[in-house]
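Heads up, the thing below is written out as structure tokens.
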């Protein structure tokens, strides 16, 4: 998908410039037309001419979408029409991408499109889960209920992500401090120590010579070392977004004892909450499982949900592929089986989601409890090694004096 810069005019004749992602110029024209704009000129943007998005918020986060759903429900319950509600939400929405999306949705609804079809035109703003929920709500006449459930879903997702991010702040800060300490030791402290002992004619121990060699290399070739490190990080991040990279990194998350529990419980909570929300809104089970798979962050759980969908299509109950895939805890497929047998699968999935939401919080706390001493030990080993390299010549010198 290419990026196109365009110039268009609105109904009032005002010139509007911007950019959008599309496959062809015709698609750009149709997209602008849906927003009530007339295309004047367009040109595909290259890497250097691409517009820079200065909106710090970027595309809307789950918290933004939760607020949007809550406000929309409140307005419609108060008797405000959908068009008026969308207009008011456009005026008060702070996120720029969400603001553009809501305005585009309003224009399409005004032209006679359904709300779900209008939301589907902005896949980067409104997720597939939300589009399907709104479609089911419109079909069953329970749009407010569907959006209310979506608001709860987004709130739970935002809370879980916030917990994980909060847990990662401490390790990241400590590792940055450790990196700065190592660089200062190698660039400032080690050269002074080694120079002092060279003037005294003292033979340096092996550990000090090794650290000195690393220090000299960093000082003399920093302009090579740092670009290589930065390029390596960029390449690693880029590879982690490919299919093979996702499989490797997500496998590591499911294998390391310190992250395994959190990853499994977070995936179980997301699956149960999303699936129960879709099923309660009347979305067919096969379609609901497919949508859940597209929302899963871990690629192995995504593939597991695809397997579940295939098994359901040949007549298997949902609990069986949950058990056979080997990724979900026993409680997930046992509770699902009980729900299937009693005819209240949605209720059981909701209870599962509530249970694993609490488990995620406990898993984050456990991960932090394990990470803190581990990071301190690693940091102590690194700094201790450098300190030993500084003290080793002094100890040898004292031993030489004692032998005289």
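When only Cα pairs under 8 Å and 6 or more residues apart are kept, what is the percent relative contact order across the stretch 164-404? Walk me through the numbers before you get to the answer.
Details: 197 pairs, mean separation 64.9, N = 241.
Relative contact order for the stretch 164-404 comes out at 27 percent.
Which residue fluctuates most in the GNM of the chain (Cα springs below 10 Å): 94, 27, 290? Greatest mean-square fluctuation among the candidates belongs to 27.
For residue 77 and residue 217, calculate 0.36 nm times their separation in residues minus their Cα-Cα distance, and state this gained length in nm to one decimal.
Details: separation 140, 0.36 × 140 = 50.40 nm, distance 6.86 nm.
Fully extending the segment from residue 77 to residue 217 adds 43.5 nm.
Report the paramagnetic label zone for residue 347: residues of the stretch 257-298 whose backbone N is under 19 Å from a point 7 Å from Cα along the Cα-to-Cβ axis. From the stretch 257-298, the list is 272-283. Sorted into 10 angstrom bins from 0, the C-alpha pair distances of the stretch 62-156 split as 18, 59, 23, 0 percent. Relative contact order of the chain, taken over Cα pairs closer than 8 Å and 6 or more residues apart, is 14 percent.
Between the stretch 205-261 and the stretch 88-145, the alpha-carbon centres lie 43 Å apart.
Computed over the stretch 125-257, the convex hull of the alpha-carbon atoms projects to a mean area of 13.4 nm². Taking the longest Cα principal axis of the chain as reference, the axis of helix 222-240 is set at about 30 degrees.
For the chain, modelled as a GNM whose springs connect Cα atoms under 10 angstrom apart, the maximal fluctuation among 184, 105, 286 occurs at 184.
What's the FRET efficiency of residue 207 with residue 59 using the Cβ-Cβ distance as r and R₀ = 41 Å, to the nearest 0.05? Intermediate values should be presented prior to the final figure.
Numbers: r = 51 Å, r/R0 = 1.24.
Working from the Cβ atoms, E equals 0.20.
For the stretch 210-264, the spherically averaged projection of the C-alpha convex hull amounts to 5.7 nm².
Could you list 334, 250 so that the one with the fewest beta carbons within 10 Å of its beta carbon is first and the one with the most is last?
On the way: 334 15, 250 18.
In order of increasing Cβ crowding within 10 Å: 334, 250.
With R₀ set to 22 Å, the beta-carbon distance separating residue 228 from residue 258 gives a calculated FRET efficiency near 0.15.
Evaluate E = 1/(1 + (r/R0)^6) for residue 248 and residue 145, where r is the Cβ-Cβ distance and R0 equals 35 Å; express this FRET efficiency to the nearest 0.05.
For residue 248 and residue 145, the calculated efficiency is 0.25.
For the stretch 297-404, calculate the relative contact order in percent as a whole number, restricting contacts to Cα pairs under 8 Å that are 6 or more residues apart. Let's see the in-between values first.
Values: 40 pairs, mean separation 13.1, N = 108.
Once divided by the residue count of the stretch 297-404, the mean separation gives 12 percent.
Distance between the modelled labels on residue 195 and residue 320, one decimal in nanometres: 7.6 nm (7 Å Cα→Cβ projection).
Can you tell me how much longer the chain between residue 165 and residue 236 gets when fully stretched, taken as 0.36 nm per residue apart minus their C-alpha distance, in nm with one decimal?
Separation in residues times 0.36 nm, less the Cα-Cα distance, equals 23.5 nm.
Here are a few candidate values for mean projected area of the Cα convex hull in nm²: (i) 25.8; (ii) 27.5; (iii) 22.6. Which one was actually calculated from the structure I just gave you? After the calculation, the listed value that fits is (ii).
Pairs of C-alpha atoms in the stretch 164-404 farther apart than 34 Å represent 43 percent of all such pairs. Of the candidates 221, 307, 59, which one comes out as most mobile in a Gaussian network treatment of the chain with C-alpha springs shorter than 10 Å? Comparing 221, 307, 59 in the GNM, the peak value goes to 221.
Just so you know, all these numbers are worked out from the coordinates, no wet-lab data involved. Keep in mind that this is a model prediction, so the values were computed, not measured. For neighbour counting, all protein chains shown are included, and Cβ atoms are generated from backbone atoms with ideal geometry for every residue, glycine included.
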